[in-house]
Amino acid sequence: MRSPQAPEVVFDVRGDVPERFAEAAREKVAAAFRQAPEPVLFARVKLATAPDPAVERPALAQATVDVNGRPVRVHAAAATMQEAIDLLPDLLRARFERVGGRRDASRAPKAGRHAHRPARHVRPPGEREIVRRKTFAADTQTPDEAAFDMDVMDYDFWLFTDVETGQDAVLYRTDTGYRIALADPGADRAGPVAVPLTVSPHPAPRIGEPEATERLETLGLPFLFFSDAGTGRGKVLYHRYDGHYGLLESTP
């Protein structure tokens with residue numbers, strides 16, 4: 001698949017997935033490349049099936065595409081693998097529109113935009129562990145830039161350093177737009193933004209990971225933004241689709 005016209009497509013197949021679906025996914029994803037605003041350099045496609053037969057949509061198809069250095073990610077779950085693969089082209093085209101500036105940045109996210117997402121595995125609280133940690137230097141960004149990156153990567157939240165206040169912050173979606181939570185919201189934000197934005201009045205709790213886990217479960221939240229008790233840097237504890245936890249943290 002590697003040529004000036006056809007970028008390399010790498011597959012990661014997990015579970016009981018017949019080989020024919022890899023070729024089907026290759027064709028669907030490659031067809032969407034023509035809508036990319038810049039050259040596609042590389043793509044990785046993941047096809048997986050849930051080990052639990054009771055899962056309503058056990059088939060998962062995910063594509064991560066390098067659009068001239070800009071990563072774009074989509075993923076979809078469906079009752080069958082073919083149905084999940086069939087969703088990829090439209091999802092990719094929507095991300096390409098965002099990357100190419102053909103979608104209004106000030107438009108609020110549509111309700112139900114994540115209807116294609118897989119259902120989370122329900123794991124008893126006593127069995128849940130932090131199975132993935134990612135430490136990185138959080139980019140210094142405006143909320144508009146953070147919203148852009150969050151959208152094209154199909155994430156539910158985005159950890160970054162707010163350029164106006166210099167604070168660790170997390171951006172996430174609401175029913176009417178986006179909301180930013182800061183380590184200390186006492187510093188007023190005055191800068192104009194294109195996206196519909198509200199600011200959380202609540203400071204990030206300065207706690208340790210055990211307390212963060214307890215608070216996440218007690219409040220029934222999908223994720224929790226907090227400041228590390230030792231370093232003071234921002235962290236996000238979140239529920240993974242496999243029922244365990246993931247942790248994002250800014251470098252000290």
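At 1.4 Å probe size, with no ligands or nucleic acids counted, give the accessible surface of residue 207 in Å², nearest ten.
About 10 Å², ignoring ligands and nucleic acids.
Contour minus end-to-end for residue 97 and residue 23, with contour as 0.36 nm per residue of separation and end-to-end as the Cα-Cα distance?
24.1 nm
Please give the contour-minus-distance gain from residue 42 to residue 233: 0.36 nm per residue of separation, less the Cα-Cα distance, rounded to one decimal in nm. Intermediate results must be reported in sequence, preceding the final value.
On the way: separation 191, 0.36 × 191 = 68.76 nm, distance 3.36 nm.
Stretched fully, the residue 42-residue 233 segment lengthens by 65.4 nm.
Would you mind checking which residues have amide H under 5 Å from residue 233's amide H? H placed 1.01 Å from N; only 5 or more apart, or other chain.
Excluding prolines and chain starts, which carry no amide H, the hits are 228.
How far is it, in nm, from the label point at residue 202 to the one at residue 155 when both lie 7 Å from their Cα along the line to the Cβ?
For residue 202 paired with residue 155, the spin-label model returns 2.1 nm.
Ignoring ligands, DNA and RNA, how do 247, 221 rank by accessible area with a 1.4 Å probe, largest first?
I get 221, 247, largest accessible area first.
Can you work out the Karplus-derived ³J(HN,Hα) for every residue in the range 132-141? Use 6.51 cos²θ - 1.76 cosθ + 1.60 with θ = phi - 60°, whole Hz, and x for glycine or proline.
Once rounded to whole Hz, the list reads 9, 10, 10, 10, 8, 7, 4, 5, 7, 9.
At a 1.4 Å probe, what is the % contribution of carbon and sulfur to the accessible area of the chain? It would help to have the intermediate numbers written out before the result.
Details: 6520 of 12920 Å².
Summing carbon and sulfur atoms, their accessible area is 50 percent of the total for the chain.
Which of the aspartates and glutamates could a cross-linker bridge to residue 28, judged by Cα under 20 Å and excluding same-chain residues fewer than eight apart?
Within the straight-line cut-off, residue 28 pairs with 8, 12, 19, 38, 66, 83, 86, 90, 97, 154.
Roughly speaking, what is the stretch gain from residue 35 to residue 241, that is 0.36 nm per residue apart minus the C-alpha to C-alpha distance, in nm to one decimal?
Here the segment from residue 35 to residue 241 would lengthen by 71.2 nm.
Calculate how steeply helix 143-152 sits against the longest principal axis of the alpha-carbon atoms of the chain, using the helix alpha-carbon long axis, and give the answer as 0 to 90 degrees to the nearest 10.
That helix lies at roughly 30 degrees to the long axis.
The list [x] 28; [y] 45; [z] 40 gives values of percent of Cα pairs over 28 Å apart, and only one came from this structure; which label was calculated from it?
Computed from the coordinates, percent of Cα pairs over 28 Å apart corresponds to [z].
Between helix 81-99 and the chain, what is the angle of the helix's C-alpha long axis to the longest principal axis, kept within 0 to 90° and rounded to the nearest 10?
It is inclined by approximately 60 degrees.
Over the C-alpha atoms of the range 117-226, what are the Rg and the largest Cα-to-Cα span, Dmax, in Å?
14.9, 45
Any chance you could look up the accessible area of residue 64 with a 1.4 Å probe, heavy atoms only, rounded to 10 Å²?
Residue 64 exposes around 40 Å² with every protein chain in place.
Calculated from DSSP H runs of 4 or more alone, at -39500 (n - 2.57) each and per residue, what is the 222 nm mean residue ellipticity of the chain, nearest 500?
The per-residue figure over the chain is -7000 deg cm²/dmol.
Among bridges DSSP assigns within the chain, what percent are antiparallel (round to 5)?
Among the beta bridges of the chain, antiparallel pairing accounts for roughly 65 percent.
Hey, what's the chain come to in accessible area per residue, 1.4 Å probe, Å²?
51
Please check: in the Gaussian network model of the chain (C-alpha springs, under 10 Å), which one of 185, 58, 210 has the largest mean-square fluctuation.
With Cα springs under 10 Å in the chain, the top fluctuation among 185, 58, 210 is at 210.
Mind checking the angle between helix 209-219 and the chain's longest principal axis? C-alpha axes, 0 to 90 degrees, to the nearest 10.
Long axis of 209-219 versus the principal axis of the chain: about 80 degrees.
The values are calculated or read from the model by the stated rules, or taken from the named source; none is laboratory data. Everything quoted here is computed from the prediction, not taken from an experiment. Neighbour counts run over all protein chains shown; Cβ positions are idealised from the backbone, glycine included. These area figures cover heavy atoms from the full protein model, side chains too; ligands, DNA and RNA do not enter into them. Shrake-Rupley method; radii C 1.70, N 1.55, O 1.52, S 1.80 Å.
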